[in-house]
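Peer 1: Dumping the structure here so I can ask a few things about it.
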Protein chains: 2
Amino acid sequence: MNYLLTMMFDGSYFHGWQTQKNADSVQSNVQNAVAKLFGERVHVQGCSRTDAGVHARCFKANFHTQKEMAPETVIGGLNFYLREAISVYDCQIVPETFNARFDCERKQYHYEFYTGRERNPFLAHRAAQVKHSLDVDLMNEQAKYYIGTHDFSAFCAAGSSVISNVRTVKAADVFSLDDRIVFSVEADGFLYNMVRIMAGTLLYISEGKIPVGEIPAILASKDRTLAGKTMPPDGLYLNQVWFKEGTM
Amino acid sequence: MNYLLTMMFDGSYFHGWQTQKNADSVQSNVQNAVAKLFGERVHVQGCSRTDAGVHARCFKANFHTQKEMAPETVIGGLNFYLREAISVYDCQIVPETFNARFDCERKQYHYEFYTGRERNPFLAHRAAQVKHSLDVDLMNEQAKYYIGTHDFSAFCAAGSSVISNVRTVKAADVFSLDDRIVFSVEADGFLYNMVRIMAGTLLYISEGKIPVGEIPAILASKDRTLAGKTMPPDGLYLNQVWFKEGTM
């Protein structure tokens with residue numbers, strides 16, 4: 001059987017999704033829970049890697065087992081074995097050919113800020129503190145420059161090994177949500193640190209450190225040094241994932 | 001000088017406000033930070049006690065010192081010494097006669113629920129999980145029965161030692177806020193566990209375990225066993241505090 005899980009995790013407790021030596025990862029926690037529940041040690045394939053400290057409200061991953069189990073039992077059983085910082089809230093049986101990484105078509109990330117001179121204990125490790133107010137309307141307007149198919153080299157950490165830095169951004173919005181200010185971005189794929197640099201660039205525009213209307217020139221330059229800073233992982237959430245039609 | 005602090009704290013890290021033997025309290029953390037900053041060991045008087053696990057978005061406390069310091073310096077200095085789970089976000093110099101406990105006129109608490117079959121890692125210890133949907137409109141309508149001056153003995157934990165169980169509730173509302181459902185209540189004072197029992201009673205009404213329209217009869221009975229369950233501390237927040245006119 002091929003099971004597709006949907007889960008949430010508080011990334012502040014983990015060194016990212018991907019299993020690494022000497023570091024606690026979400027993947028190794030999920031693989032251990034699957035081993036306990038099914039009595040089989042399997043590879044759990046995530047829809048993407050995430051960095052240390054990055055959160056997910058919707059992370060999808062699939063795994064193959066010999067045994068068959070009702071999806072409701074898989075959800076309850078995995079949550080029983082998993083720690084509180086990870087929650088499985090959906091499980092579907094999908095075709096044997098389905099792969100959560102290769103069949104992923106589009107993802108939505110949120111980068112979340114909060115403003116206030118003093119820290120907020122309820123948002124510690126959950127959002128990035130900015131000590132002054134933000135111009136939400138301006139940031140939202142400037143975010144639209146990200147939409148479309150562009151070479152995002154200027155918005156990519158050095159040392160990335162991908163072949164092409166061209167990605168297609170489908171939507172980019174900035175809005176207030178409860179006590180946070182959210183930069184929401186949807187694309188067919190993301191380069192290393194791309195969302196965190198896009199968020200840092202919008203922040204610099206609001207702060208007057210990068211001129212209004214400059215994003216097209218930064219994109220065209222392919223020069224990382226012209227974009228804003230890389231924001232910390234605390235504010236980053238994988239928020240939604242879509243798969244190619246007909247794959248599941 | 002008499003300083004009035006306003007702070008937030010994530011109560012899941014503490015055994016309540018009040019200093020106790022062999023338990024980590026918010027008060028002892030704040031008193032230690034004041035001692036480091038001012039070089040004086042003083043008593044910090046909170047506006048109320050809070051139970052273990054209970055949070056505050058607005059907790060007020062005052063203390064007297066020999067030394068004078070600018071309020072901005074007090075805020076920055078205390079936050080430097082305090083751990084992340086406590087944040088001081090306002091400081092005012094108040095008359096020597098002001099006392100945060102005795103001059104408190106009214107408080108607002110929030111009790112926060114979230115609904116969903118599976119746990120939410122981002123709301124762990126921050127809200128009470130209810131595994132089914134809640135009838136927010138019905139709960140809001142029924143909450144209005146709490147408004148007014150009543151004997152709240154039926155909504156008070158056994159063993160409470162106060163002289164009178166009469167309190168005046170000024171406002172009581174239930175509404176959705178972001179991913180939570182909030183019961184907000186304002187009164188001139190609260191009995192031990194009162195908000196948690198009021199919240200549990202509204203939950204039982206939504207679940208059909210207590211009949212609609214029953215709150216007046218429960219109040220009149222003064223019988224704790226007729227009200228709903230005591231909700232866990234995780235969902236409880238001291239949300240706002242008001243002082244008597246002319247005291248500060």
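Peer 1: Criterion first (within 14 Å of chain B (Cβ to nearest Cβ) and either open to solvent by less than 70 Å² (accessible area, probe 1.4 Å) or modelled with pLDDT of 95 or more (or both)) does residue A:99 satisfy it? Show your work before the answer.
Peer 2: Numbers: within 14 Å of chain B (Cβ to nearest Cβ): no; either open to solvent by less than 70 Å² (accessible area, probe 1.4 Å) or modelled with pLDDT of 95 or more (or both): yes.
So residue A:99 fails the test.
Peer 1: Does segment B:28-46 hold any residues that are open to solvent by 10 Å² or more (accessible area, probe 1.4 Å), more than 14 Å from every other protein chain (Cβ to nearest Cβ) and outside any loop (DSSP other than H, G, I, E, B), and which are they?
Peer 2: B:28, B:31, B:32, B:35, B:36, B:37, B:45
Peer 1: So, of the residues in segment B:58-74 that are open to solvent by 50 Å² or more (accessible area, probe 1.4 Å) and more than 11 Å from every other protein chain (Cβ to nearest Cβ), which turns out to be farthest from residue A:179 (Cα to Cα)?
Peer 2: Of everything passing the filter in segment B:58-74, B:66 is farthest from residue A:179 (Cα to Cα).
Peer 1: I would also like to ask the following. Looking for whichever is open to solvent by 60 Å² or more (accessible area, probe 1.4 Å) and either within 16 Å of residue B:143 (Cβ to Cβ) or modelled with pLDDT of 95 or more (or both) here; the options are B:220, B:227. Which one fits?
Peer 2: B:220 is the lone residue from the list that is open to solvent by 60 Å² or more (accessible area, probe 1.4 Å) and either within 16 Å of residue B:143 (Cβ to Cβ) or modelled with pLDDT of 95 or more (or both).
Peer 1: State the number of residues belonging to segment B:80-96 that are open to solvent by less than 40 Å² (accessible area, probe 1.4 Å) and within 9 Å of another protein chain (Cβ to nearest Cβ).
Peer 2: Looking only at that region, the number is 4.
Peer 1: Can you tell me which of B:180, B:117, B:126 is of a type outside the set (Phe, Trp, Tyr), surrounded by fewer than 16 Cβ atoms within 10 Å (Cβ to Cβ) and either in contact with a helix residue (DSSP H, G or I) (Cβ under 7 Å, 6 or more places away or on another chain) or within 14 Å of another protein chain (Cβ to nearest Cβ) (or both)?
Peer 2: It is B:117.
Peer 1: Do we have any residue at all in segment B:5-18 that's open to solvent by 10 Å² or more (accessible area, probe 1.4 Å), over 20 Å from residue A:120 (Cα atoms) and not aromatic (Phe, Trp, Tyr)?
Peer 2: The answer is yes, given that some residue of segment B:5-18 is open to solvent by 10 Å² or more (accessible area, probe 1.4 Å), over 20 Å from residue A:120 (Cα atoms) and not aromatic (Phe, Trp, Tyr).
Peer 1: Which condition from (1) within 14 Å of another protein chain (Cβ to nearest Cβ); (2) within 27 Å of residue B:85 (Cβ to Cβ) is the one that residue A:77 breaks?
Peer 2: For residue A:77, the exception is condition (2).
Peer 1: Another question, then. For segment A:1-13, name all the residues that are assigned to a loop (DSSP other than H, G, I, E, B) and more than 28 Å from residue A:66 (Cβ to Cβ). Show your work before the answer.
Peer 2: Step one: list which residues in segment A:1-13 are assigned to a loop (DSSP other than H, G, I, E, B), which gives A:1, A:10.
If the condition is that a residue be assigned to a loop (DSSP other than H, G, I, E, B) and more than 28 Å from residue A:66 (Cβ to Cβ), then A:10 is the only one that fits.
Peer 1: Where in segment A:127-237 are the helices (runs of 4 or more DSSP H), entirely inside, with at least 1 residues that are touching a residue at least 12 places away in the same chain (Cβ under 8 Å) and within 22 Å of residue A:55 (Cβ to Cβ)?
Peer 2: It comes to A:136-143, A:194-206.
Peer 1: Answer yes or no: is there a residue in segment A:50-57 that is within 16 Å of the chain's Cα centre (by Cα), open to solvent by 40 Å² or more (accessible area, probe 1.4 Å) and at pLDDT 95 or above.
Peer 2: yes
The values are calculated or read from the model by the stated rules, or taken from the named source; none is laboratory data. The structure presented is a predicted model; accordingly, all values stated were derived computationally and were not measured. Glycine gets a Cβ as well: all are built from the backbone with ideal geometry, and neighbour counts include every protein chain shown. Note: accessible area is taken over every heavy atom of the protein model, side chains too, but ligands, DNA and RNA are not part of it. Shrake-Rupley method; radii C 1.70, N 1.55, O 1.52, S 1.80 Å.
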